[in-house]
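Below is one structure, written out as structure tokens, with a few remarks after it.
The values are calculated or read from the model by the stated rules, or taken from the named source; none is laboratory data. Not measured: the values here are computed from a predicted model. Cβ placement follows ideal geometry from the backbone for every residue including glycine, while neighbour counts extend to all protein chains displayed. Just so you know, the surface numbers come from the protein's heavy atoms only, side chains and all, with ligands and any DNA or RNA stripped out. Shrake-Rupley method; radii C 1.70, N 1.55, O 1.52, S 1.80 Å.
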Amino acid sequence: MAVFKCAVCGAVVEARCKPGKCKNCGAEKDKLVKEETLKK
Ligand SMILES: [Zn+2]
């Protein structure tokens, strides 16, 4: 699992692969910054 942080609203999204957009504010995926990778 990887953790992506939205640079716009600061929401943290946990996903296996990069989300299409921020589920909180709807920002484009290039606003989502990979923060941490957790290996399963
Ligand atoms: Zn956002």
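Quick notes on this structure:
- Residue in the stretch 17-28 that is in contact (Cβ under 8 Å) with a residue 12 or more places away in the chain and of a type in the set (Asp, Glu) present: no
- The stretch 1-25, residues that are under 9 Å from the mean Cα position of the chain (by Cα) and among the β-branched types (Val, Ile, Thr): Val3, Val12, Val13
Yes/no matrix, rows are residues, columns are (1) within 7 Å of the ligand (Cβ to nearest atom); (2) modelled with pLDDT of 90 or more; (3) in contact with a Cys (Cβ under 9 Å, 6 or more places away or on another chain); (4) open to solvent by less than 90 Å² (accessible area, probe 1.4 Å):
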position	(1), (2), (3), (4)
Ala2	no, no, yes, yes
Lys5	no, yes, no, yes
Val13	no, no, yes, yes
Lys18	no, no, no, no
Cys25	yes, yes, yes, yes
Glu28	no, yes, yes, no
Lys31	yes, yes, yes, no
Glu35	no, no, no, no
Leu38	no, no, no, yes
